[in-house]
Amino acid sequence: MAFEKHLLVDAANVLHAWPDLRVLLKRDRDAARSRLVQRLGAIHDAESVRLTVVIDGRGREIVIEHPSQQATLTVVYTPSSLTADDVIEQMVGRSADPSLCEVATGDQAERSTIEATGAVWVPTGDLLARVERAEQRLSSKVAGLNRANAQDWRRRSHE
């Protein structure tokens, strides 16, 4: 499976833009981040898009995680010396083809910068709608597989 497109997400912007995550963020920052990555995983799985979620870090070094054990789904915690915007700009700038990069952010300065490189800006509201469509597609696919399995089990039990 080829992952040509690369979706980069400025986590802080999305966490503050999506109403359910904004509420959760006030209570539990780590839970809000986990929920964001979980929901974005639907786009990764439904669209076969490489996904990188960039989170402003507090440490001295960059931290890279693969929560689903897939190399194409990455969470990057920036070092305290860099912002998520800085890291996203560097990743897009180093891309072999920036036009294949999509950057989800509500930051207008970041939008201008990434669009100047040829990347595509994704508004946070559009990202939410895209996640909801991807979740629906995956849910429908699972329901179809469940129906097929149930039919297969019924058929086998009558043989």
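The values are calculated or read from the model by the stated rules, or taken from the named source; none is laboratory data. Model, not experiment: these values are computed from the prediction. Backbone-built Cβ (ideal geometry, glycine too); neighbour counts: all protein chains shown.
For the residues GLY41, GLY59, the requirement of being in a loop (DSSP other than H, G, I, E, B) and either among the small types (Gly, Ala, Ser) or under 21 Å from ASP107 (Cβ atoms) (or both) singles out GLY59. When the residues of segment 1-45 are filtered to those that are among the small types (Gly, Ala, Ser) and crowded, with 19+ Cβ neighbours inside 10 Å, the one that is nearest to ILE88 (Cα to Cα) is ALA11. In segment 60-106, the residue that is modelled with the highest pLDDT out of those that are among the charged types (D, E, K, R) and either surrounded by 19 or more Cβ atoms within 10 Å (Cβ to Cβ) or within 15 Å of the chain's Cα centre (by Cα) (or both) is GLU102.
Output the residues belonging to segment 46-56 that are assigned to a loop (DSSP other than H, G, I, E, B), out of contact with any Ser or Thr (no Cβ under 7 Å at 6 or more places or on another chain) and surrounded by 14 or more Cβ atoms within 10 Å (Cβ to Cβ).
If the condition is that a residue be assigned to a loop (DSSP other than H, G, I, E, B), out of contact with any Ser or Thr (no Cβ under 7 Å at 6 or more places or on another chain) and surrounded by 14 or more Cβ atoms within 10 Å (Cβ to Cβ), then VAL49 is the only one that fits.
For segment 62-78: of the residues being in a loop (DSSP other than H, G, I, E, B) and out of contact with any Lys or Arg (no Cβ under 6 Å at 6 or more places or on another chain), which is farthest from GLU132 (Cα to Cα)? Ranking the qualifying residues of segment 62-78, first place goes to ILE62. ARG39 meets all of the listed conditions (1) within 14 Å of the chain's Cα centre (by Cα); (2) within 23 Å of SER80 (Cα to Cα); (3) of a type outside the set (Gly, Ala, Ser) but one, namely (2).
Quick check on this structure: which one of VAL87, VAL92 is touching a Pro at 6+ places or on another chain (Cβ under 8 Å), in a helix (DSSP H, G or I) and not acidic (Asp, Glu)?
Numbers: VAL87 fails: touching a Pro at 6+ places or on another chain (Cβ under 8 Å).
Matching residue, one of VAL87, VAL92: VAL92.
Against the conditions (1) modelled with pLDDT of 95 or more; (2) touching a Cys at 6+ places or on another chain (Cβ under 9 Å), LEU15 satisfies every one except (2).
Restricting attention to segment 107-129 and to residues that are within 18 Å of ALA12 (Cα to Cα) and touching a Leu at 6+ places or on another chain (Cβ under 9 Å), the residue that is surrounded by the most Cβ atoms within 10 Å (Cβ to Cβ) turns out to be ILE114.
Does segment 103-110 contain any residue that is of a type in the set (Val, Ile, Thr) and touching an Asp or Glu at 6+ places or on another chain (Cβ under 6 Å)? Step through it out loud before you land on a result.
Quick first cut of segment 103-110, residues of a type in the set (Val, Ile, Thr) only: 103, 105.
Still in the list and also touching an Asp or Glu at 6+ places or on another chain (Cβ under 6 Å): 105.
Scanning segment 103-110, I find at least one residue that is of a type in the set (Val, Ile, Thr) and touching an Asp or Glu at 6+ places or on another chain (Cβ under 6 Å), so the answer is yes.
Looking for something of a type in the set (Lys, Arg) and at pLDDT below 95 - is there at least one such residue anywhere in segment 138-153?
Taking segment 138-153 first, the residues of a type in the set (Lys, Arg) are 141, 147.
With the extra rule that they be at pLDDT below 95, the set shrinks to 141, 147.
Taking every residue of segment 138-153 in turn, at least one turns out to be of a type in the set (Lys, Arg) and at pLDDT below 95.
The single condition among (1) out of contact with any helix residue (DSSP H, G or I) (no Cβ under 8 Å at 6 or more places or on another chain); (2) touching a residue at least 40 places away in the same chain (Cβ under 8 Å) that ALA42 does not meet is (1).
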